[in-house]
Amino acid sequence: DGRLTFYPGNQTVDLPFINFMKRSGTVFLNAYTNSPICCPSRAAMWSGLFTHITESWNNFKGLDPDYVTWMDLMEKHGYRTQKYGKLDYTSGHHSLSNRVEAWTRDVDFLLRQEGRPMVNLTGDRKHVRVMETDWQNTDKAVNWIKEEAVNLTQPFVLYLGLNLPHPYPSPYTGENFGASTFLTSPYWLGKVTYEAIKIPKWSSLSEMHPVDYYSSYTKNCTGEFTKQEVRNIRAFYYAMCAETDAMLGEIISALRDTGLLKKTIIMFTADHGELAMEHRQFYKMSMYEGSSHVPLLVMGPGVKEQQEVQNVVSLVDLYPTMLDIARIPVPQNLSGYSLMPLLRGKAENEVSPRDPRPSWVLSEFHGCNVNSSTYMLRTGKWKYVAYSDGHSVPPQLFDLTSDPDELTNVAMKFPVIVHSLDKTLRSIVNYPKVSSSVQEYNKRQFVSWKQSLGQNYSNVIANLRWHQDWLKEPRKYENAIDKWL
């Protein structure tokens, strides 16, 4: 959650290396994902293109495996490149449940797709390495810096993708289990200030926006939760962020030990945030700040120190920024803009005319846990969220200055602003048309999958991640699918 990297969010947990990056470089106060879920978000980051252009509709459908990323271009221009850890931007990954849930989101049924969010404490006060795989990948990156990077005569670019602070799988929900367990050790929980944790306000279920209600239900969050449960989920999430921060620290320390720190640009960001029980949801897949607002910190030569940038920026800006750093010509067709003018601390009027950075960012979502394509435009104090064809589902408008927790939808109150923002949104993306092509894609994919199963279909679909609900009335849900088809 990007808000943890600056005040007041950072009061809840100690993140020493994020704070080091803030002192030594620039923090973006309004950085957003272009799609709040792993694969589509990463596809935007690696391609520099909006989701409706890459057509990375869900966690199964990302970029083609041979897509030319900014790292490929840097390698072509003489950079030594190295990738470790989670990449997840090409098509074909994630579970079958994940795919089918995305394809069937237009079906008129409500099924819980996730395990109920819960916490799990492991180990003792000396247990530091909870997310073992991430630590192993961090070790590999550290060794590469100390053994390879330090001896290079050419410039290098190193990418380290961590899974944390993602919730862990919850085996109790069955074989296709989702990831709804917030897991940490007493060591990391000790970094969290419980008293500073805000318990988010919830609307009553009957007052929720219809899409929010669907999301809350499919995420298994419509039941009763005590304040203690909510506080714990949030505390454990912050503890997982502290563990992530320590991995960042390993990289910074390795660069310092090898004398490379002063001549290396470091960027820290995320594919999406975590709602951690805000708006009666956990996970991502939402345009609320907890889910769509990501961290973005940059330090290194040429980057202004102790700078906070207010401008709205998003992950598609990383592609042109990387090429700008490497002095590689930036292609004209990109959705993003180089961050270098902002990183150098240049005033708006000093920025070259070929970089007319827009005053808005776009995020969109077409995957599971949400029963409608969603489009978010953030500009100034406003966040405008449009759905589907722009008519069948009411839009949302939030004033983030007076209502940072996004508790009051003021779309009805400000029709002129809604009209104006909707016009801007339509000038960027013909969203009713995109929504319609996603619906067609979902149906096409589902039909071909169903046909591939033959007689086995009923059994397979009944035992996906929603099996606990489905098996109570399998015929009812199959009929709902038939009606949709």
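The values are calculated or read from the model by the stated rules, or taken from the named source; none is laboratory data. Remember, it's a predicted structure, so these values are computed and weren't measured experimentally. Cβ atoms come from the backbone with ideal geometry, glycine included; neighbour counts cover every protein chain shown. These area figures cover heavy atoms from the full protein model, side chains too; ligands, DNA and RNA do not enter into them. Shrake-Rupley method; radii C 1.70, N 1.55, O 1.52, S 1.80 Å.
A few comments on the model shown:
- Residue selected from the stretch 380-422 under the condition free of Cβ contacts under 8 Å to residues at least 24 places away in the same chain and in a helix (DSSP H, G or I), by the criterion least open to solvent (accessible area, probe 1.4 Å): 420
- Residue pairs whose Cβ atoms lie under 6 Å apart, sitting 6 or more positions apart in sequence or on different chains, and linking a residue in the stretch 114-130 that is on the phi > 0 side of the Ramachandran plot to a partner that is assigned to a loop (DSSP other than H, G, I, E, B), are 123/185.
- Taken together, 316, 385, 312, 361 contain a single residue that is over 30 Å from residue 114 (Cα atoms) and within 20 Å of the chain's Cα centre (by Cα), which is 312.
- On the stretch given as the stretch 273-309, residues that are closer than 23 Å to residue 157 by Cβ and under 13 Å from the mean Cα position of the chain (by Cα) total 3.
- When 34, 30 are checked against the criterion of being of a type in the set (S, T, N, Q), part of a loop (DSSP other than H, G, I, E, B) and open to solvent by less than 30 Å² (accessible area, probe 1.4 Å), a single residue qualifies: 34.
- Residue 468 fulfils the conditions (1) at pLDDT 95 or above; (2) open to solvent by 70 Å² or more (accessible area, probe 1.4 Å) except for a single criterion, (1).
- Within the stretch 443-465, no residue satisfies the criterion of being on the phi > 0 side of the Ramachandran plot and surrounded by 13 or more Cβ atoms within 10 Å (Cβ to Cβ).
- Among residues of the stretch 471-485, those that are in contact (Cβ under 8 Å) with a residue 40 or more places away in the chain, surrounded by 14 or more Cβ atoms within 10 Å (Cβ to Cβ) and not aromatic (Phe, Trp, Tyr), counted: 2
- Test: residue 440 is out of contact with any Lys or Arg (no Cβ under 6 Å at 6 or more places or on another chain), more than 29 Å from residue 3 (Cβ to Cβ) and surrounded by fewer than 13 Cβ atoms within 10 Å (Cβ to Cβ): yes
Matching residues to (1) more than 24 Å from the chain's Cα centre (by Cα); (2) within 24 Å of residue 24 (Cα to Cα); (3) at pLDDT 95 or above; (4) among the β-branched types (Val, Ile, Thr):
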{"residue": "155", "(1), (2), (3), (4)": "yes, yes, yes, no"}
{"residue": "168", "(1), (2), (3), (4)": "no, no, no, no"}
{"residue": "197", "(1), (2), (3), (4)": "no, no, yes, yes"}
{"residue": "242", "(1), (2), (3), (4)": "no, yes, yes, no"}
{"residue": "246", "(1), (2), (3), (4)": "no, yes, yes, no"}
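- Selected residue (only one of 425, 377, 334 is open to solvent by less than 80 Å² (accessible area, probe 1.4 Å), in contact with a strand residue (DSSP E or B) (Cβ under 6 Å, 6 or more places away or on another chain), over 30 Å from residue 112 (Cβ atoms) and in contact (Cβ under 8 Å) with a residue 60 or more places away in the chain): 425
- Among the residues of the stretch 212-231, none qualifies, meaning not one is in contact (Cβ under 8 Å) with a residue 40 or more places away in the chain, open to solvent by 20 Å² or more (accessible area, probe 1.4 Å) and under 25 Å from residue 162 (Cβ atoms).
- Residue within the stretch 423-441 that is of a type in the set (Val, Ile, Thr), more than 23 Å from the chain's Cα centre (by Cα), outside the structural domain of residue 314 (by the TED database) and closer than 28 Å to residue 104 by Cβ present: no
Listed here are the residues, each with its yes/no results for (1) surrounded by 24 or more Cβ atoms within 10 Å (Cβ to Cβ); (2) at pLDDT below 95; (3) in a loop (DSSP other than H, G, I, E, B); (4) acidic (Asp, Glu).
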| site | (1), (2), (3), (4) |
| --- | --- |
| 267 | no, no, no, no |
| 271 | yes, no, yes, yes |
| 276 | yes, no, yes, no |
| 279 | yes, no, no, no |
| 284 | yes, no, yes, no |
| 290 | yes, no, no, no |
| 298 | yes, no, no, no |
| 301 | no, no, yes, no |
| 304 | no, no, yes, no |
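- Test: residue 372 is open to solvent by 80 Å² or more (accessible area, probe 1.4 Å), part of a loop (DSSP other than H, G, I, E, B) and not assigned by the TED database to the domain that holds residue 46: no
- Helices (runs of 4 or more DSSP H) fully within the stretch 43-159 counting 3 or more residues that are open to solvent by less than 40 Å² (accessible area, probe 1.4 Å) and either closer than 30 Å to residue 481 by Cβ or in contact with a Pro (Cβ under 7 Å, 6 or more places away or on another chain) (or both): 51-54, 96-103
- Scan of the stretch 327-337 for residues that are modelled with pLDDT of 95 or more and among the hydrophobic types (A, V, I, L, M, F, W, C), ordered by number: 328, 334
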